[in-house]
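I have placed the structure first, in the form of C-alpha cells, so that the comments after it can refer back to it.
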Ligand SMILES: [Zn+2]
C-alpha cells in the first residue's frame, strides 16, 4: 500500500492541485522517467564549459546583445539547481555585492549536462534573464518567455525531472562517459 497524499513535491510547490494530481497519476502509472524520455529521447550533447559558453553566447547575441560581456560560463557540480538556480516561485535573495555584479558569470548546474536541449535552453534563458532582471518577478518571466516561448512549460518539465530524480535517483539521458 503506498500513500498518495504523503508524497511531497518539493520541486513543484506553487503549482495547482490538479497539476500535482496529474503528476501523481503519472508516477503511479508508467512513471515520470518513461514519460520524460518519451517526450525527449535525446540529450543535447553540450558537455564542456567551452561548448556551453558558445551555446550561451549565441542566445545572448540574439536577445541580450547590449548587456555586459560574460566573464565566465561554466557547469558547476556544486550548484543546487532549485535553491541556487531556479529559485522558488517566490523571490529569492541574491548576493548583490559590486564584485559579483561587475563580474558577469553564468553557472549551470552539472545536472544539465545530461538533459534534452530544451531543458538546457530553459536554464540558460533563466540565467541570461538575470543579467537584466534581478528578481523572479513579472518582468523577469516576461523576458524568459520572450527568449523561449515555452519557458513556463519547460521549467515545469525540468521540475518534473527533479522530482523524478528525488523519488527514484535514476538519471535520464546520461552519456556513456558521464562524470
Ligand atoms: Zn533565478
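The values are calculated or read from the model by the stated rules, or taken from the named source; none is laboratory data. Not measured: the values here are computed from a predicted model. Note that each Cβ is placed from the backbone with ideal geometry, even for glycine, and that neighbours are counted across all protein chains shown.
Points to keep in mind about this one:
- Scanning segment 70-128 for residues that are at pLDDT below 65 and away from the ligand (no atom under 16 Å from the Cβ) gives 97, 98, 99, 102.
- Among the residues of segment 5-50, the ones that are farther than 23 Å from residue 116 by Cβ and in contact (Cβ under 8 Å) with a residue 24 or more places away in the chain come to 4 in all.
- Selection within segment 129-140 - surrounded by fewer than 15 Cβ atoms within 10 Å (Cβ to Cβ) and either within 11 Å of the ligand (Cβ to nearest atom) or within 9 Å of the chain's Cα centre (by Cα) (or both): 135, 137
- Filtering 45, 14 for residues that are over 21 Å from residue 109 (Cα atoms), in a loop (DSSP other than H, G, I, E, B) and within 17 Å of the chain's Cα centre (by Cα) leaves a single hit, 14.
- Number of residues in segment 133-165 that are within 26 Å of residue 22 (Cβ to Cβ), at pLDDT below 95 and assigned to a loop (DSSP other than H, G, I, E, B): the value is 1.
- Taking segment 32-50 as the range and being at pLDDT below 95 and either under 20 Å from residue 166 (Cβ atoms) or touching a helix residue (DSSP H, G or I) at 6+ places or on another chain (Cβ under 7 Å) (or both) as the test, only 47 passes.
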